[in-house]
Amino acid sequence: MQQVTLQTLKQMKENGEKIAVLTCYDSTFSKISNQAGIDALLVGDTLGMVLQGNDSTLPVTIEHMAYHTACVKKGNNRAFIISDLPFMTYACPEQALKNAGLLMRAGSHMVKLEGDIWLSETIRRLTENGVPVCAHIGLTPQAVNVLGGFKVQGRTEKQAKKLLESAKRLEESGAAMLLLECVPSKLAEKITKAVDIPVIGIGAGVETDAQVLVLHDMLGLNEKTAKFVCNFMEGQSSVQDAIKAYVRAVKDGSFPSQKHQYI
Ligand code: KIV
């Protein structure tokens with residue numbers, strides 16, 4: 001099995017080949033997802049909600065993230081592993097460098113952080129120090145208390161312009177990937193075309209280079225889910241088949257469909 005690298009993912013964007021990403025928190029699901037052909041695994045701080053039962057990602061610590069990254073690495077033989085820097089662990093470049101080091105040593109290939117152009121210096125320093133960065137914009141769940149809830153972002157012209165500008169500036173700062181969460185599809189398409197780095201979408205329509213879903217959502221384990229979620233367990237008799245169906249649907253562009261998109 002050939003390891004998926006950042007170069008592989010960039011090449012996929014250039015070739016117009018869709019990238020299938022899924023969150024993952026342990027070695028068993030890591031192994032199953034690899035067998036199902038997933039390209040990248042996100043050790044997301046959503047583990048604070050789907051594993052720990054919290055109502056936000058804020059209680060997640062760097063120790064939790066390093067532990068779950070190490071678990072995912074043990075089951076992995078091909079996928080590119082991205083790990084979240086959790087809430088309040090990258091408030092300044094020095095803090096980000098120290099904490100990113102813990103995730104990279106645990107087995108991550110890239111760290112993801114949530115925010116805007118205020119992260120530029122941190123992204124530059126991380127990249128210089130050998131840590132590739134994915135910048136998460138749009139709905140940033142760690143800022144739920146600032147945003148006033150888990151709401152679609154970029155709906156006004158002013159917000160949309162700001163998001164597009166942020167995407168370009170973050171790429172210039174050295175971000176090697178972007179994640180766009182809960183933004184109107186047209187805006188996501190515009191941002192994806194405006195940058196050369198791969199763009200992962202969740203609730204961002206079908207035109208982004210990659211799609212990600214939270215594992216527990218796509219397996220139909222959560223009763224209350226957002227509009228962009230699809231239960232891939234439906235009609236399947238095993239978890240591996242459900243993940244295979246997800247990978248197929250991302251690759252052939254049938255997921256997300258119109259009903260999963262924000263306008
Ligand atoms: O933490 C996470 O799982 C995420 C997803 C919402 C993409 O960032």
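The values are calculated or read from the model by the stated rules, or taken from the named source; none is laboratory data. Given the structure is predicted, the values throughout are model-derived calculations rather than measurements. Note that each Cβ is placed from the backbone with ideal geometry, even for glycine, and that neighbours are counted across all protein chains shown. Just the protein is used for accessible areas: all its heavy atoms, side chains included, with ligands, DNA and RNA removed. Shrake-Rupley method; radii C 1.70, N 1.55, O 1.52, S 1.80 Å.
For segment 27-175, the calculated P(r), taken from all Cα-Cα distances in 5 Å bins from zero up to the bin holding the longest distance, is 2, 10, 18, 20, 20, 16, 10, 3, 1 percent. Determine the per residue accessible area of the chain with all protein chains present and a 1.4 angstrom probe, expressed in square angstrom. Per residue, the chain has an accessible area of 45 Å².
Taking other residues whose beta carbon is less than 12 angstrom from the beta carbon of GLY253, and scoring Lys, Arg as +1 and Asp, Glu as -1, yields -1.
Sorted from longest to shortest, the spans of the Cα atoms of segment 140-223 along the three principal axes equal 39, 27, 23 Å.
Taking 30 Å as R0, compute the FRET efficiency from the Cβ-Cβ separation of LYS251 and GLU223 and round it to 0.05.
0.55
Subtracting the Cα-Cα distance from 0.36 nm times the residue separation, let me have the gained length for LYS98 to ILE263 in nm, one decimal. Answer, rounded to one decimal: 55.4 nm.
The simple spin-label model puts a point 7 Å past each Cα toward its Cβ; for LYS162 and GLU234 those points are separated by 3.6 nm. Here the Debye sum runs over all C-alpha atoms of segment 115-257 as equal scatterers in vacuum, and log10 of I(q)/I(0) at q = 0.11, 0.13 Å⁻¹ comes out as -0.44, -0.61.
Across the cross-link table entries LYS168/LYS190; LYS162/LYS259; LYS31/LYS98; LYS227/LYS259; LYS18/LYS73, which are compared at the Cα atoms, the separations over 18 Å belong to LYS162/LYS259; LYS31/LYS98; LYS18/LYS73. For segment 202-248, what's the relative contact order in percent, using C-alpha pairs closer than 8 Å and at least 6 residues apart? Reported relative contact order: 28 percent.
Distances between placed amide hydrogens fall under 5 Å for PHE80 paired with VAL4, ALA40, LEU41, all partners being 5 or more residues away or on another chain. Of the solvent-accessible surface of segment 86-139, computed with a 1.4 Å probe over protein heavy atoms with every protein chain present, carbon and sulfur atoms account for 60 percent.
Apply the a/c threshold of 1.5 to the C-alpha gyration tensor of the chain and tell me whether it is rounded, prolate or oblate.
Numbers: a/c = 1.28, a/b = 1.09, b/c = 1.18.
It comes out rounded by the Cα gyration axes.
For the peptides 64-74, 198-208, residues were scored by their other Cβ atoms within 10 Å and the scores averaged per peptide; the highest-first order is 198-208, 64-74. Here each label is just a point 7 Å from Cα along the line to Cβ, and for GLN52 and ASP196 those points are 3.9 nm apart.
Placing +1 at every Lys and Arg Cβ and -1 at every Asp and Glu Cβ, with all other atoms neutral, what dipole size does the chain have around its Cα centre, in debye to the nearest 20? So the magnitude is around 260 debye.
The helix-based estimate of mean residue ellipticity at 222 nm for the chain, built from -39,500 (n - 2.57) per DSSP H run of four or more residues and divided by its residue count, is -12000 deg cm²/dmol to the nearest 500. Could you work out the relative contact order of segment 139-206, using alpha carbon pairs under 8 angstrom and six or more residues apart, expressed as a whole percent? Relative contact order for segment 139-206 comes out at 32 percent.
The three principal axes of the C-alpha atoms in segment 53-128 carry coordinate ranges of 35, 33, 18 Å, sorted with the longest axis first. Take 4-10, 240-246, 50-56 and order them by the average number of nearby Cβ atoms within 10 Å per residue, most first; the result is 240-246, 4-10, 50-56.
Do you know the relative contact order of the chain, to the nearest whole percent, from alpha carbon pairs under 8 angstrom that are 6+ apart?
Reported as a whole number, the value is 19 percent.
If the viscosity is 1.306 mPa s and the temperature 10 °C, what Stokes-Einstein diffusion coefficient in µm²/s follows for segment 1-81 when Rh is the Kirkwood radius over Cα pairs?
Details: Rh = 13.3 Å.
Here the translational diffusion coefficient equals 120 µm²/s.
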